[in-house]
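Each remark here refers to the structure printed beneath this line.
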Amino acid sequence: MSSLPPPDLRSRILDAIEREPVPSRAARSRRRALAVVIGFASLLTALAVVGPKMHARPAAYVAALVFAWLPIAALATWAGVTPGRSMLGRPVAWRVAVVTLTPVALMAAWAGVAMIWPAMLQDTSTIKRHFICDAATLGFSIGPLVAFTIVRRASDPVNPRLTGAAIGTAAATWAAVVLHLICGYTSGAHMLFGHVAPVVLLALIGSVLTARTVAIRTKTG
Amino acid sequence: MNARAMTLPSRAPASAVAVTALAPVAAPWPLRGTSSVVHPRTDADFAMERYAGGDTAAFGQLYDALSPRLFGYLLRQTRDRARAEDLLQQTMLQIHRARDRFIAGAEVTPWAFAIARRLLVDDIRRNRRVILSDDGDPDPGVSSLDRADDLVHAGELAVRVQHILARLPHSQRAAFELIKQEGLTVAEAAQVLGTTVAAVKLRAHRAYESLRAALGDLDSSLEGRKP
């Protein structure tokens, strides 16, 4: 049995691709850039609607937290969302590191900031407050999540679940950064259960929902 | 020994696959495609770059560069020409759809194999079919052996290899097939399987050890039958 494709398959495939035009590279880049801009604009709009609040926190503390978590969000996005120089995305280890180390890095960065302002280690947060911040983080992350998913749509034939989890992690981290400008609770428990736990939760959600869009799948129908 | 040198031409007889499979896997591996080594550009890489850059005619060259290996891989996996043709068409269409987001300088071959493998897995799941590797499809290349004993030996060997491969854990089998049968480097196979080079080496080595042990048994039993 010959393991070469039949000669007529070539012409069939060439006919098929002619019937399915693909947008130009410039058009696609514009669309992706627009998705990212809209995604982050929605995040900032949500912040503007809710309104930044300092509560009883020193401004320097809030600024330190934001600037400590901002590079983590940027790094998670770069390593977990952008494909790098391969059509198969960045190495698996990078995405695993994004998913597993980002929550750890967030807590470590918070702990570093809290050492400078030890008074912030105490607050009156309750489980209900944790859940409110969980919901807020998930809500704020929708814009970046959709944007990142559009950027990586139909691009991963190997590990879409892992890529979905990394996308979820990165999106939730951006939302968690913004949440510092709103939430006045600062204790370790609140930080863990209200601000970092949703990052883990969104990684799980991403590994299920986002993965379906990121995966390369057979077109049916 | 170079991994590519150990690979077979796509029309090699199944018995030759078995014999070639005994080549040492533990030998130093080329790490083409890793960050520390610049991979040589293939015809497929050049054709895809031109296609992504707007040269529509380059798709034909891309097809010519990729299709023999991809089709051989899909045919070996499905044992069904119609399905293999359909999957090859879908793979090439996916590559076409990625034209506008192709990353300049990226390797095309592992990407194409990864797409083909993903579509194959989807196809298997959708059809709830079990890939049977023991249909005993004799390769015409075996007919060059004129002795009946050799024919029997080659046939038994081929069937045995397929049986052993079918019994291996999926991860080991996939690593072994991509390297030994499809001619991918370890680095390329690692990309296709979404794992590390070290993991692929280990899986392929374990598959090779299983195969060698089983074929060693067969060889000695056949030797014992000869006058």
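The values are calculated or read from the model by the stated rules, or taken from the named source; none is laboratory data. As the structure is a computational prediction, the values presented were derived from the model and not from experiment. When we count neighbours, we look across all protein chains shown, and the Cβ atoms used for this are built from the backbone with ideal geometry, even at glycine. What goes into the accessible areas is simple: the full protein's heavy atoms, side chains included, and nothing from ligands, DNA or RNA. Shrake-Rupley method; radii C 1.70, N 1.55, O 1.52, S 1.80 Å.
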inquiry  = For the structure I just gave you, tell me whether B:Val161 is open to solvent by 10 Å² or more (accessible area, probe 1.4 Å), assigned to a helix (DSSP H, G or I), at pLDDT below 85 and among the aliphatic types (A, V, I, L, M).
reply    = no
task = State all residues of the stretch A:169-217 that are part of a loop (DSSP other than H, G, I, E, B), farther than 20 Å from A:Gly89 by Cβ and either in contact with a Ser or Thr (Cβ under 7 Å, 6 or more places away or on another chain) or within 14 Å of chain B (Cβ to nearest Cβ) (or both); if no residue qualifies, say none.
result = A:Tyr185, A:Ser187
Residue, nearest to the chain's Cα centre (by Cα), within the stretch A:9-44, restricted to residues that are among the β-branched types (Val, Ile, Thr) and part of a helix (DSSP H, G or I) = A:Val36
message = Considering only the stretch B:68-86, I want to know if a residue exists there that is surrounded by 21 or more Cβ atoms within 10 Å (Cβ to Cβ), of a type in the set (A, V, I, L, M, F, W, C) and free of Cβ contacts under 8 Å to residues at least 12 places away in the same chain.
response = yes
query = Restricting attention to the stretch A:119-151, which residues are of a type in the set (Gly, Ala, Ser), open to solvent by 20 Å² or more (accessible area, probe 1.4 Å) and under 20 Å from the mean Cα position of the chain (by Cα)?
reply = A:Ala135, A:Ala136, A:Gly139
key: Extreme residue, surrounded by the most Cβ atoms within 10 Å (Cβ to Cβ), among residues of the stretch A:83-108 that are in contact with a helix residue (DSSP H, G or I) (Cβ under 8 Å, 6 or more places away or on another chain) and polar (S, T, N, Q)   = A:Thr102
inquiry  = Condition first: within 14 Å of chain B (Cβ to nearest Cβ) and in contact (Cβ under 8 Å) with a residue 12 or more places away in the chain. Now tell me which residues in the stretch A:88-98 satisfy that.
reply    = A:Leu88, A:Gly89, A:Val92, A:Trp94, A:Arg95, A:Val96, A:Ala97
inquiry  = Scan the stretch B:114-128 and tell me whether some residue there is outside any helix (DSSP H, G or I), at pLDDT 80 or above and surrounded by 22 or more Cβ atoms within 10 Å (Cβ to Cβ).
reply    = no
remark   = Picking from A:Ala119, A:Ala111, the residue that is out of contact with any helix residue (DSSP H, G or I) (no Cβ under 6 Å at 6 or more places or on another chain) and in contact (Cβ under 8 Å) with a residue 40 or more places away in the chain would be A:Ala111
note = Scanning the stretch A:1-43 residue by residue, those at the interface with another protein chain (Cβ under 10 Å from one of its Cβ atoms), surrounded by 14 or more Cβ atoms within 10 Å (Cβ to Cβ), touching a Leu at 6+ places or on another chain (Cβ under 8 Å) and of a type outside the set (A, V, I, L, M, F, W, C) turn out to be A:Ser3, A:Pro5
inquiry  = I'd like the residue in the stretch B:184-227 that is part of a loop (DSSP other than H, G, I, E, B) and at pLDDT below 85 and, out of all such residues, is surrounded by the fewest Cβ atoms within 10 Å (Cβ to Cβ).
reply    = B:Pro227
